[in-house]
Amino acid sequence: MHHIHHTRITNRHLLAALAGAAALLGMAPASAQVDPNRFVDTFERAFGKFDGFRRSGAKGICAVGEFIGSADGRALSVASAFSGQPVPVVVRFSVGGANPKAPDNARSQRNLALQFNLPGGETWQMGNISAPVFGAATPEQFLGRLESLIPDPETKRPNPDKVKAFADANPEVLLQGRHFASQPVPASFGQVNYWGVHAFAFVDGSGKKQFGKWIFEPVGGTQGLSDDEAKAKGGDFLFDDLRQRVAAGGVAFDFNLQLAQPGDRIDSAVTPLPDDRKKVTLGRLTIKSVAADATGPCLAITYNPIVLPRGVEPSADPMLAARAAPYAVGLGRRLGEGPKQ
Ligand code: HEM
């Protein structure tokens, strides 16, 4: 008892000292974060461990893109991404989940991860998803949701009572699934919308900040499959479909920003901005080439969404800050195992 008490005081002093150091450095105070190893462990327990693969978005493919910023982008932010000069982008498309054999013909998540390689060695990384909301509002809630999905050792399936109890107490975790259930199976990686989900601030030359949430919208519009078409396509069509479309010059996205107004929630990945908010096009991303399976420049990187260029700043969304450390842990594990996709 005495020993535990002593440890607690020591930890508290340590945390206070760290917070003080962070304040001196002008950093946000260290909030109580979920341990990143615990996050990745829980992914593995809930969804299985597939050596060498990403613990989320495991089934994926590298591509190379080019981004050209617009005048509207330049007006909102000094970020060099919007200069109007072509910017090379390391792209990764993926299917949601930890299973590298996840079927392409399910009503599930698709992802678009981007690394803009900007002049002067700056980079901008992001991982966007095919839903306007994420599956949890806070890191603690996300961890709880993952824990509720860990298979029961006897049935090898999640315990439905546990899943229900957690979801009943945390209704936000059901919003994303409802979106996917309402949408058809995407016909192509190039024909679905990808949302950034978090708000970010765009900072102009006078220092003025405009918060917004972005969406990458396919230039040719979205396209879904009927249930019969999805069945006929089978579980593995997205990579070849992407190669064919890119070879024909047909995969491009507008990088659109929905502008927040005063009073809008800009700290929540489960609360979209109101539909009627003005949208501006910050530029266009064109996919130039697709790598052979299991190769390419995206293999050994992780897309950490707080790696931002000068001119773009994070919002206070707690889910955003919580992503950096688990992504680094995930990268470390799969590099150690030999990266596969
Ligand atoms: C605390 C919350 C989160 C945790 C712990 C988490 C964890 C992870 C991990 C471990 C990976 C694999 C990283 C790698 O091996 O490179 C990953 C990938 C990914 N996550 Fe998250 N994630 C979180 C929140 C989010 C949110 C809010 C979004 C919504 C935009 C998101 C979108 C993605 C995407 C698109 C990928 C695949 C990126 C790629 O292709 O490399 N994640 N996540």
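Values quoted throughout were computed directly from the atomic coordinates according to the rules given, and no laboratory measurement underlies them. This structure is a prediction, so every number in the text was calculated from the model and none was measured. Neighbour counts are summed over all protein chains in view; Cβ atoms, including those assigned to glycine, are modelled from backbone coordinates with ideal geometry.
Descriptive notes on the structure:
- For trypsin sites (Lys or Arg not before Pro), the sites in the stretch 276-332 that DSSP calls loop and that have at most 12 other Cβ atoms within 10 Å are Lys278.
- Distance between the stretch 181-233 and the stretch 292-323 - C-alpha centres, whole angstrom: 17 Å
- Cβ-based exposure ranking for His179, His198, in which fewest neighbours within 10 Å come first: His179, His198
- Förster radius 45 Å - calculated FRET efficiency between Val163 and Asp254 (Cβ-Cβ, nearest 0.05): 0.75
- Here each label is just a point 7 Å from Cα along the line to Cβ, and for Val307 and Asp204 those points are 3.0 nm apart.
- Working note: Karplus 6.51/-1.76/1.60 with θ = phi - 60° gives the stretch 132-145 the couplings x, 9, 8, x, 6, 8, 9, x, 5, 5, 5, 4, x, 4 Hz, where Gly and Pro are set to x.
- Close Lys pairs in the stretch 47-337, defined as Cα atoms under 14 Å apart and 8 or more places apart or on different chains, number 5.
- Cα centroid separation, the stretch 36-80 to the stretch 130-175 (Å): 22 Å
- Our summary gives the chain a relative contact order of 24 percent, counting only alpha carbon pairs under 8 angstrom and 6 or more residues apart.
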